[in-house]
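Since every read-out is calculated from the coordinates, none of them should be taken as a lab result. Keep in mind that this is a model prediction, so the values were computed, not measured. Because the Cβ atoms are built from the backbone with ideal geometry, glycine has one as well, and the counts that use them run over all protein chains shown.
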Amino acid sequence: MNDKNSNLIANKLVKAFLKNKIINPISSKYTKKLSNAQKFRMLCESKIKRPIVGFKAGGTGIPVIKKLREKEPFYASVYKHNVLKNNKSVKINKYTLGIELEVCYLLKKKFFSFKKRISKNNMNQFINYIAPCIEVVGYRQKKKGISSFGDLCSDFGANVKFVIGSKKKFKNNNVKNLKTNISNSKINQSVNGNTNTVYINPMNSLLFVLKKLQKDKIKHNKDFYVFTGSSVGVVPILSKGVYKGTIERLGSVNAKIN
């Protein structure tokens, strides 16, 4: 994956990612298989010197996993310049896929020095805060739709921006079976969802990401976010304006789409 041609293509995609540009679609040899897409994503990420503030789980909907004949979701790095505070604006283009509503966590950096295998029984000690989050997803390429997880994974996880709502101190919060909704009141667009659509539930998705970070021997020297995946699927953006996401018990988050 680190051959001359792969490097040239990675350089083009990295430039598009950093400059908010759109390029022609990359070859399907980097996207058809998720394993190849993961390698290509990591090659691209190795070329970026901007700070990483977290990691996202992608492809967390179990029906989609089955439909695309995958075995599990994927993960990707999230960069500081793509994470915004509540009520901030996000500029979109015609290759934006849509908007998602997620549970996100802020974890302690001491996770990366943890010597034991991470599990559902020991991971709570690393969770500092929990919050609702809106993710705007899309490509840096001239393509639409999803034919494989590799499409998303190879293009930096297809994350455009994350807008994070008010954080709450984590106190073993139960995030199973919570009602969710994302809406744009300007056009009466409203989509309901449930946190249980997120790879069983958001805590299970969080555990998936943490296991991958351990397996890939990822190191980080600051507290970090994990974005767990959409509770409403990928909702099409039908109009510019304010999209409000609400997660039962956690609160709400607003993103201004323009």
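With 19 Å as the limit, the listed pairs Lys88/Lys179; Lys186/Lys240; Lys39/Lys143 have Lys88/Lys179; Lys39/Lys143 beyond it between alpha carbons.
Ranked by the mean number of other Cβ atoms within 10 Å of their residues, highest first, the peptides 218-231, 115-128, 134-147 fall in the order 218-231, 134-147, 115-128.
Listed cross-link partners Lys33/Lys66; Lys49/Lys211; Lys85/Lys161; Lys109/Lys217; Lys115/Lys168 are compared with a 20 Å cut-off, the Cα-Cα value being larger for Lys49/Lys211; Lys115/Lys168.
Report note on the peptides 233-245, 191-203: ranked by the mean count of other C-beta atoms within 10 Å, highest first, their order is 191-203, 233-245.
Sorting Lys56, Lys108 from the fewest to the most surrounding beta carbons within 10 angstrom yields Lys108, Lys56. The value for region 50-257 of Rg(Cα) / (2.2 N^0.38 Å) is 0.95.
Ranked for footprinting exposure by Cβ neighbours inside 10 Å, fewest first, Thr60, Thr96, Thr31 give Thr96, Thr31, Thr60. For the chain, Cys44, Cys153 stand unpaired, since no other cysteine beta carbon lies under 4.7 Å from theirs.
Between Lys88 and Val64, the distance separating the two model label sites (each 7 Å from Cα on the Cα→Cβ line) works out to 2.3 nm. With viscosity 1.002 mPa s and temperature 20 °C, the Kirkwood radius over alpha carbon pairs of region 1-157 converts through Stokes-Einstein to a diffusion coefficient of 126 µm²/s.
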